[in-house]
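Data block below; observations after.
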Amino acid sequence: MVVVKINKNLCKGCELCVPFCPHSSIEMSRSLNDYGLHTAYFKKGYPCNGCRDCAIMCPEAAIEIFHVQ
Ligand code: SF4
Ligand code: SF4
C-alpha cells in the first residue's frame, strides 16, 4: 500500500504536481493553509501506483511517498 503525504504548509500552491499524477489523484484544495495559499491534496480513495512523479515535480519538496505493509 502506498501513502501520499502532502505537507500543506510547505506547499506553495503552484499546481505543478496535479497534471503529473497518472491517476488524477491529486487536486487543489479550496481551503487555505497557514500562509493563505490553496494547496494540493491527495484525493481520498483514489489510486496511487507509487511512481513518485508528484514528489519529484514538487519544487518545495512538500510531497512524500511511503510504501507501507
Ligand atoms: S506517486 Fe504517482 S500515482 Fe501516486 S499520487 Fe504521486 S503521481 Fe500520483
Ligand atoms: S508541486 Fe508542490 S508546491 Fe506545487 S502544488 Fe504540488 S505540492 Fe504544492
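Could you go through the stretch 54-68 and let me know if any residue there is more than 7 Å from ligand 2 (Cβ to nearest atom) and in contact with a Pro (Cβ under 9 Å, 6 or more places away or on another chain). No, the conditions are met nowhere in the stretch 54-68. Annotation: V4 fulfils all but one of (1) β-branched (V, I, T); (2) touching a Cys at 6+ places or on another chain (Cβ under 7 Å); (3) near ligand 2 (Cβ under 8 Å from one of its atoms); the unmet one is (3).
Counting only residues that are surrounded by fewer than 13 Cβ atoms within 10 Å (Cβ to Cβ), within 6 Å of ligand 1 (Cβ to nearest atom) and closer than 20 Å to N9 by Cα, the stretch 44-69 holds 0 of them. Of the strands (runs of 3 or more DSSP E) lying entirely inside the stretch 1-68, those containing at least 2 residues that are of a type in the set (S, T, N, Q) are 26-32.
Scanning the stretch 1-22 for residues that are hydrophobic (A, V, I, L, M, F, W, C) and surrounded by fewer than 18 Cβ atoms within 10 Å (Cβ to Cβ) yields M1, V2, V3, L10, C14, L16, V18, F20.
Each reported figure results from applying straightforward, stated rules to the coordinates on display, with no laboratory input. These figures come from a predicted structure and were not determined experimentally. When we count neighbours, we look across all protein chains shown, and the Cβ atoms used for this are built from the backbone with ideal geometry, even at glycine.
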